[in-house]
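> Here's a structure for you.
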Amino acid sequence: MKLTVPDYILAIKAYIPGKPIEELEREYGIKDSIKLASNENPLGPSPMAVKAIQEAMSNLNRYPDDSGYALVKKISEKLDVRHDNIVIGNGSDEIIGMIVRAFLQPGDEAIVPHPTFLMYEIMIQCAGAISLRVPLKSLSIDLENIKEKLTPRVRLILLCSPNNPTGSAITKEDFETFIKDIPPDVVVVLDEAYMEFVRDKNCVSGIEYLDSDTPLIVLRTFSKAYGLAGLRIGYGVMPEEISNLLNRVRQPFNTSLLAQAGAVSALDDDSFLQKTINLVHEGIDLLYDALSEIGVKYFETQANFLLVDVGKSADDVYEKMLRQGVIVRSMTSYGYPSYIRVNVGLASENKRFIEALKKVI
Ligand SMILES: Cc1ncc(COP(=O)(O)O)c(C=O)c1O
């Protein structure tokens, strides 16, 4: 084989997801492990979504509805936006890919906070474009500094609120001041993957700022609060001018028939959503208390995960926690060599995390 590969592709460091339970048990020969590493829903999937998926299975000989009509209709009713404002994707990850394909060419620039969700930089690099990193300020996205970083080559700004991995969210006030100053040829993406968990009423919800003149895209997902990470379904809400462009670069039938059916019913499953939100809020409060009690520093969060400063090598703590059957995420590759990220689990899992952490540190 003699492959000719662009340098910018060779430079990509592949995304390393949270370790799957099966892999840990296979490698370490242990049982009953728990995973608190990918910000998933510990309650399982929405039961209404599961029922709808089972019912939809008899139609698997057919291609899905390419427009995702029923799902788009449901989202448009929930958010009070038009059908043309919505693009659905195989996870919100896929929509990030569409945005990058639509707006970036080699040599263009995109601004990303640092650290944030690692996929943004990987996607930007796939397009041969350049990420301009803006460091967080006290673990929060520094919108003032992002504005300062604008150059004529910047086409895209990617924001995450609440931010993964820090859990901090952008306030309405800060976002309003920011968006007013962004030139009309720069697309702003506001990734709201953890929106449903936000408790602080001052935090921004990008949907309120969508209008035909602002190049804003709001991303949402069914992978977290709705418990459908394995189904792969998410969506973006944006002005029609932008959705028209994303639909040009979108693969036909990009979301499966089962994913569309499951997501429609998940949006009707209010009791599951509420149960999830309650569990996450109770779990976060319990973790705050338990970490304070054992004298371990943590950072307040608006999401279903939080950062914990273990005060020593996070990689080491991660490894030792694995041996206790508890999978968390070391934040070394995010630039925080003494932090781990842990997501809320069931009450029993949260307790097990605290017990394991006590032993390890
Ligand atoms: C901030 C953020 N955006 C997007 C995603 C990807 O979500 P999806 O499963 O919809 O592709 C994640 C997943 O962890 C995330 O943390």
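> Here are some residues: Leu60, Leu156. Which one is aliphatic (A, V, I, L, M) and closer than 27 Å to Ala266 by Cα?
It is Leu60.
> Right, here's the next one. Of all residues in the stretch 290-338 being in a strand (DSSP E or B) and without any contact (Cβ under 8 Å) to a residue 24 or more places away in the chain, which is surrounded by the most Cβ atoms within 10 Å (Cβ to Cβ)?
In the first step, residues of the stretch 290-338 are kept if they are in a strand (DSSP E or B); the result is 297-298, 305-309, 326-327, 329-330.
Now drop any that are not without any contact (Cβ under 8 Å) to a residue 24 or more places away in the chain, which leaves 297-298, 330.
Working: Lys297: 13, Tyr298: 18, Ser330: 22.
Once the filter is applied, the top-ranked residue is Ser330.
> Out of the stretch 339-361, which residues are under 12 Å from Ile34 (Cβ atoms), surrounded by fewer than 23 Cβ atoms within 10 Å (Cβ to Cβ) and not aliphatic (A, V, I, L, M)?
Answer for the stretch 339-361, where residues must be under 12 Å from Ile34 (Cβ atoms), surrounded by fewer than 23 Cβ atoms within 10 Å (Cβ to Cβ) and not aliphatic (A, V, I, L, M): Ser348, Glu349, Lys351, Arg352, Glu355.
> Let me ask another. Having 1 or more residues that are among the polar types (S, T, N, Q) and over 30 Å from Ser348 (Cβ atoms) is the bar; report the helices (runs of 4 or more DSSP H) wholly within the stretch 1-87 that clear it.
69-79
> Considering only residues of the stretch 122-145 that are β-branched (Val, Ile, Thr) and in a strand (DSSP E or B), which is nearest to the ligand (Cβ to nearest atom)?
Looking at the filtered set, the residue picked out is Val134.
> Hey, another quick one. May I ask you to say which residue of Ile95, Ile124 is in the same structural domain as Asn254 (by TED's automatic domain parsing), touching a residue at least 12 places away in the same chain (Cβ under 8 Å), more than 21 Å from Leu228 (Cβ to Cβ) and aliphatic (A, V, I, L, M)?
Ile124
> Only residues that are closer than 11 Å to Leu36 by Cα and among the aliphatic types (A, V, I, L, M): list them for the stretch 290-320, please.
Within the stretch 290-320, Leu306 is the sole residue that qualifies.
> Also, I was wondering about something else. Please indicate, with yes or no, whether at least one residue in the stretch 62-69 is touching a strand residue (DSSP E or B) at 6+ places or on another chain (Cβ under 8 Å) and buried (at least 22 other Cβ atoms within 10 Å of the Cβ).
Quick first cut of the stretch 62-69, residues touching a strand residue (DSSP E or B) at 6+ places or on another chain (Cβ under 8 Å) only: 68.
With buried (at least 22 other Cβ atoms within 10 Å of the Cβ) added as a condition, the list becomes 68.
Scanning the stretch 62-69, I find at least one residue that is touching a strand residue (DSSP E or B) at 6+ places or on another chain (Cβ under 8 Å) and buried (at least 22 other Cβ atoms within 10 Å of the Cβ), so the answer is yes.
> Being in contact with a strand residue (DSSP E or B) (Cβ under 8 Å, 6 or more places away or on another chain) and over 17 Å from Tyr194 (Cα atoms) is the filter; apply it to the stretch 76-87 and report the residue that is nearest to the ligand (Cβ to nearest atom). Working first, answer last.
In the first step, residues of the stretch 76-87 are kept if they are in contact with a strand residue (DSSP E or B) (Cβ under 8 Å, 6 or more places away or on another chain); the result is 76, 79, 81, 85-87.
Keeping just the survivors that are over 17 Å from Tyr194 (Cα atoms) gives 76, 81, 85-87.
Working: Ser76: 19, Val81: 19, Asn85: 18, Ile86: 15, Val87: 13 Å.
Only one residue tops the list, namely Val87.
Conditions tested, residue by residue: (1) modelled with pLDDT under 95; (2) within 13 Å of the ligand (Cβ to nearest atom).
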| position | (1), (2) |
| --- | --- |
| Val188 | no, no |
| Met195 | no, yes |
| Asp211 | yes, no |
| Ala225 | no, yes |
| Phe253 | no, no |
| Leu258 | no, no |
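> Mind checking whether some residue in the stretch 241-250 is within 16 Å of the ligand (Cβ to nearest atom) and among the hydroxyl-bearing types (Ser, Thr, Tyr)?
The answer is no; no qualifying residue exists.
> Six or more apart or on different chains, Cβ atoms under 8 Å: show the pairs whose first residue is in the stretch 223-249 and more than 21 Å from Ser212 (Cβ to Cβ) and whose second is aromatic (Phe, Trp, Tyr) and more than 16 Å from the ligand (Cβ to nearest atom).
Tyr226/Phe272; Gly227/Phe272
> Something else: Only one residue in Gln251, Gln274 is under 30 Å from Ser76 (Cβ atoms) and touching an Asp or Glu at 6+ places or on another chain (Cβ under 9 Å). Which one? Let's see the steps before the verdict.
Values: Gln274 fails: touching an Asp or Glu at 6+ places or on another chain (Cβ under 9 Å).
Answer to the check: Gln251.
> Within the stretch 159-203, how many residues are acidic (Asp, Glu) and in contact with a Phe, Trp or Tyr (Cβ under 7 Å, 6 or more places away or on another chain)? Working first, answer last.
To start, the set of residues in the stretch 159-203 that are acidic (Asp, Glu) comprises 173-174, 176, 181, 185, 191-192, 196, 200.
Checking the rest, the ones that are also in contact with a Phe, Trp or Tyr (Cβ under 7 Å, 6 or more places away or on another chain) come to 191.
Residues that pass the stated criteria total 1.
> Check off (1) surrounded by fewer than 17 Cβ atoms within 10 Å (Cβ to Cβ); (2) under 18 Å from the mean Cα position of the chain (by Cα); (3) among the small types (Gly, Ala, Ser) for Gly128 and give me the number that stays unchecked.
Checking Gly128 against (1) surrounded by fewer than 17 Cβ atoms within 10 Å (Cβ to Cβ); (2) under 18 Å from the mean Cα position of the chain (by Cα); (3) among the small types (Gly, Ala, Ser), the one that fails is (2).
> Shifting gears a bit: Can we say Ile86 is within 21 Å of the chain's Cα centre (by Cα) and more than 30 Å from Pro135 (Cβ to Cβ)?
yes
The values are calculated or read from the model by the stated rules, or taken from the named source; none is laboratory data. A quick note: this is a predicted structure, and the numbers were derived from the prediction, not measured. Glycine gets a Cβ as well: all are built from the backbone with ideal geometry, and neighbour counts include every protein chain shown.
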